[in-house]
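The values are calculated or read from the model by the stated rules, or taken from the named source; none is laboratory data. What you see is a predicted model, and the numbers here were worked out from it, not measured in a lab. Cβ placement follows ideal geometry from the backbone for every residue including glycine, while neighbour counts extend to all protein chains displayed.
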Amino acid sequence: MTLKQIKNKPIVKFITNRYVMILAIFFVWMVFFDENSWVNHHEFDKEIDKLQSEKEYYQSQIDSDKVFIDKHNDKEALEKFAREQYKMKKETEEIYIIEFDTIPKK
């Protein structure tokens with residue numbers, strides 16, 4: 001085949017059309033190189049999904065903390081929590097902590 005015969009094929013005429021070439025260059029530019037490219041949008045979408053999942057996690061933590069605060073709203077419950085979790089005591093009492101041996105005997 002000669003160069004003239006190749007140039008006269010319909011697919012080659014279509015690809016070498018200046019409007020098709022400009023459109024192809026524009027498409028490649030918009031997908032890969034532009035500031036608002038498809039690649040950047042994809043990365044931003046992944047980041048948005050990650051941030052939304054973090055938001056849901058922190059919202060659930062806030063809800064559980066609100067329930068905890070409401071449960072320990074009265075003085076007796078708060079005192080019980082402080083004694084059990086932080087080993088707090090009144091000034092006039094002593095606390096003895098008994099720990100059981102966790103090593104099994106042979």
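Count, please, the residues in the stretch 75-106 that happen to be assigned to a loop (DSSP other than H, G, I, E, B) and either of a type outside the set (D, E, K, R) or exposed (fewer than 10 other Cβ atoms within 10 Å of the Cβ) (or both).
So the count comes out to 19.
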* To do: For Ile11, state whether it is without any contact (Cβ under 8 Å) to a residue 24 or more places away in the chain and within 45 Å of the chain's Cα centre (by Cα).
  => no
* Return yes or no: is Lys55 assigned to a helix (DSSP H, G or I) and either farther than 30 Å from Phe27 by Cα or among the β-branched types (Val, Ile, Thr) (or both)? => yes
* Asked: Is there any pair linking a residue in the stretch 91-106 that is under 18 Å from Glu79 (Cβ atoms) to one that is surrounded by 10 or more Cβ atoms within 10 Å (Cβ to Cβ) and hydrophobic (A, V, I, L, M, F, W, C), with Cβ under 9 Å and at least six apart or on different chains, and which?
  -> Ile95/Met88
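Only residues that are among the acidic types (Asp, Glu) and at pLDDT 85 or above: list them for the stretch 16-46, please.
Taking the stretch 16-46 first, the residues among the acidic types (Asp, Glu) are 34-35, 43, 45.
Correct list: Glu43, Asp45.
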